[in-house]
Every structure is written in C-alpha cells, then in structure tokens.
1. Among the numbered criteria (1) assigned to a helix (DSSP H, G or I); (2) among the acidic types (Asp, Glu); (3) open to solvent by 90 Å² or more (accessible area, probe 1.4 Å), which single criterion is violated by Asp244?
2. Pick out the one residue from Ala219, Ala203 that is within 30 Å of the chain's Cα centre (by Cα) and within 30 Å of Lys13 (Cα to Cα).
3. Could you check Phe222 against (1) assigned to a helix (DSSP H, G or I); (2) modelled with pLDDT of 90 or more; (3) of a type in the set (A, V, I, L, M, F, W, C) and say which number it fails?
4. Out of (1) open to solvent by 60 Å² or more (accessible area, probe 1.4 Å); (2) among the aliphatic types (A, V, I, L, M); (3) closer than 23 Å to Pro148 by Cα, what's the single condition that is false for Val96?
5. Sort out which residues of the range 68-113 are part of a helix (DSSP H, G or I), of a type in the set (A, V, I, L, M, F, W, C) and without any contact (Cβ under 8 Å) to a residue 40 or more places away in the chain, and write them in order of number.
6. Hey, can you tell me all the residues within the range 247-261 that are free of Cβ contacts under 8 Å to residues at least 24 places away in the same chain and either in contact with a strand residue (DSSP E or B) (Cβ under 8 Å, 6 or more places away or on another chain) or not in a helix (DSSP H, G or I) (or both)?
7. Based on what the data block shows, is Ala180 more than 24 Å from Glu21 (Cα to Cα) and either of a type in the set (Gly, Ala, Ser) or surrounded by fewer than 16 Cβ atoms within 10 Å (Cβ to Cβ) (or both)?
8. Mind checking which pairs have a first residue in the range 162-190 that is farther than 11 Å from Trp139 by Cβ and a second that is of a type in the set (Phe, Trp, Tyr) and open to solvent by 40 Å² or more (accessible area, probe 1.4 Å), Cβ under 9 Å, 6 or more apart or different chains?
Amino acid sequence: MRQDNLQPIEVRKQQVRLLYEALPRTLVAGTVVALVLSYVQLDVIGTAHVALWLSLHLLVTLARFLVWRWYRNNPDAEVARLDRISMAGALASGLVWGSAGILLFSETSREHQFFLAFAMAGMAAGSVAVLSYRREQAWGFITLTLVPITLQWIIAGDAMSVAEAVMTLAFAAVLFSMAAVTSRHSVLALTAEVEAKETARRAAHDRDFLRLLLDTIPARVFWKDRQSRYLGGNELFARDAGLDSAAELIGKSDEELRWKSRAADFRDTDEKVMQTGQPMLRAEEKGIRENDEVFWREVSKAPIRDPEGHVIGVLGTYHDITEKLEIEAQLRQAQKMEAVGTLVAGIAHEFNNMLAGITGNLYWPETRSKRATRSRHSKS
C-alpha cells in the first residue's frame, strides 16, 4: 500500500483511539448527570417514567463500558469496525438522552423544564469535546439529544415554549459549528502527529541503515567535534579503541583510549584539517591493535561542515595496510634479487665471452704449428 494512502488510515485510527480513551470519563460524567436529573425530576414526573429512563441510561452505559473493555483487549482490531461500534454507542446514548425530553418533560413545571433543558444542553455541549474527533458522532448525538425537547416546546405552542425551541435550535447550530471546527483542528493535529511519527520512523530507519553500512564496510570510521571529542564511530573502530561498543565512544577523547600515548599527534592532525579546511588523504602511520600489537594503517581525514559551510568537526577513516606493506617489501626484495640475478647473468655472459676469446687465441697457434709440421713431413 502506498505511503500517501496510509496516512488517512493512521489518522482515522488515532481518532478512534481517542474516542475510546475518553469513553470512561464520558460514562462517569453521564451517569452522575443522569442520577441528579432523575432525582430532581422525580418530584414532578411519575416514578415509572423516571425508573424507565434511568434503566435505559444505565443499560446503554453498561453496554458501552463493556465495549470499552473489549477495545482494551483488542486495540488492533479493524479500524472501520471499531469506528462503527463507537458510532453505534454514541447514537444509542443520544437516543436515551433525547428520550429524556419526552419521558422526563414536565408539562406543569417550567422550572423542571429549564433544569431538564440545562442538563441536556450540558450533555450536548460536552459531546463537542469528547466526540468531535469524529464529527459525525458529535452531530448525531447533538441531534438526537436536542430534537425531542425542541419538539415538545413547539407542540406546547405558548410564546415562552416557542422561544425556548428557537434558542435550543440556535444552540444546536452553534454546537454543530463548534464540532466541525474542533474536528477539523483535531484532524490537523493528528495528521501532524502521524507525519511526525512517520518522519521519526524514517529517520530511525535511515539511522539504523547508516549504522549497518558503517559496521559492514571493512574500514574504521569515526567523527569528532571541534574539540576532538568523539561523536561516534563504527564497531570496528570501537574495538580498536578497546571499547565494547561504538556507543561508548561518544564524548571521549584520544587521551582516554588505547592510543593515549599518541593523543597529541592525533589532535594536531585534527586541528590542522579543521583549521585549513583541507582533507588529509592516505597518510601512513602506526596504530595499536587490541592485543597492543603495533600495525601500519592508512588514514584519511576530512573536515565536517554545517549547512553554512562552517567547519564543525572532522571525519576520519583508516584501514590496516600492514599486510600490504609486507607484500610490497617482499616484492621489492624479489625485484632486488631479480636485478642481482640479471646482473650476475650478464657478468657471467661477459666472462664466457672473454674465456672464448682467450681459448680461441690459444687454439689458433697450436693449429698452425701442427699444420707446419705435417707440411715438412710430406716434403721429406
């Protein structure tokens, strides 16, 4: 699934989570208001009506509490399903509070009508705060809560009742607007939160991947601040420094590591790179292994710059070239031996030429003497 499609789903998931997290407080507040309202209205309303309404309220409250318990055990359930269940609970609660405008409405006591309207208006206003994460729930609850008592006042027909109906409708319109605004702001806030989490997740992924790369390459890597204190390094470098992990490097100086006897030299090269802003490439120097064995390494250092171009530290890397230098030394020795062999072969060749000349000169008089002797014998 594409990342841009995941964001609305994540926002909706957070909206549903907030609705369920607010549910216990909503149930407690609603139950307290219901008990007070039932007690006050009992003076002018029959016990049967009050008992019926209170029973309905407690039944819906219990059902929503059980839903909340189920959600706590299944927080990763399908978002759409959780949303539907939450919507059903909000609408059921709205129906119960709306029924109070019928079952608990006193036709004889204006004071009790006002108290009933006050309690129902308070519940409707409260829904803006706790249900506006999903404005459809807030709108549904407000409508179901306030419409019945509005119709009661309209049916009553007197001027005061009609005025109350008009004021209730105006109040409902204000609550609708507030729910829409609150919902929009909550969506923006949740979207920003989701984006921030996604950014943090990507940053963590990039950081972990970079760490993997640093620990995979066959070289030692480190970086320092302007005071030549280590800001980090890979695991190979940490082991060379005598530490158990790269995390232990942070904040340390060369004086605190295995090579403390050469700390001043390292600090000088760091300072030179940072002062000049020029890298130092492929410098050969001695190092110390974990077992305190001396080895040769090829070191490169480069300045680290901030976005404005100011040098803020130094990045360094090195790798072991001991074997390479040994092979080069062996090669040079072999080349010397080859040169010596060539020289000896040349000398031997010249010596052979000289011997051949000497032998030829000796052989020529002897041959001439033999020829002369044979000539004299033939004449005689």
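1. With respect to (1) assigned to a helix (DSSP H, G or I); (2) among the acidic types (Asp, Glu); (3) open to solvent by 90 Å² or more (accessible area, probe 1.4 Å), Asp244 is out only on (1).
2. Exactly one residue qualifies, and that residue is Ala203.
3. Among (1) assigned to a helix (DSSP H, G or I); (2) modelled with pLDDT of 90 or more; (3) of a type in the set (A, V, I, L, M, F, W, C), Phe222 violates only (1).
4. Among (1) open to solvent by 60 Å² or more (accessible area, probe 1.4 Å); (2) among the aliphatic types (A, V, I, L, M); (3) closer than 23 Å to Pro148 by Cα, Val96 violates only (1).
5. First, the residues of the range 68-113 that are part of a helix (DSSP H, G or I): 68-73, 79-103, 110-113.
Filter once more, keeping what is of a type in the set (A, V, I, L, M, F, W, C): 68, 70, 79-80, 82, 85, 87-88, 90-92, 95-97, 100, 102-103.
Hits for the range 68-113 are Trp70, Ala80, Ile85, Ala88, Ala92.
6. Within the range 247-261, Ile250, Gly251, Lys252, Leu257 qualify.
7. On the way: more than 24 Å from Glu21 (Cα to Cα): no; either of a type in the set (Gly, Ala, Ser) or surrounded by fewer than 16 Cβ atoms within 10 Å (Cβ to Cβ) (or both): yes.
Judged against the criteria, Ala180 is not a match.
8. Final answer for the pair search is Glu164/Phe114; Thr182/Tyr133; Ser186/Tyr133; Val187/Tyr133; Leu190/Tyr133.
The values are calculated or read from the model by the stated rules, or taken from the named source; none is laboratory data. Here the structure is a predicted model, which is why all the values come from computation and not from measurement. With ideal geometry, Cβ positions are generated from the backbone for all residues, glycine too; neighbour counts draw on all protein chains shown. Side chains are part of the model used for accessible areas, which takes the heavy atoms of the whole protein and leaves out ligands, DNA and RNA. Shrake-Rupley method; radii C 1.70, N 1.55, O 1.52, S 1.80 Å.
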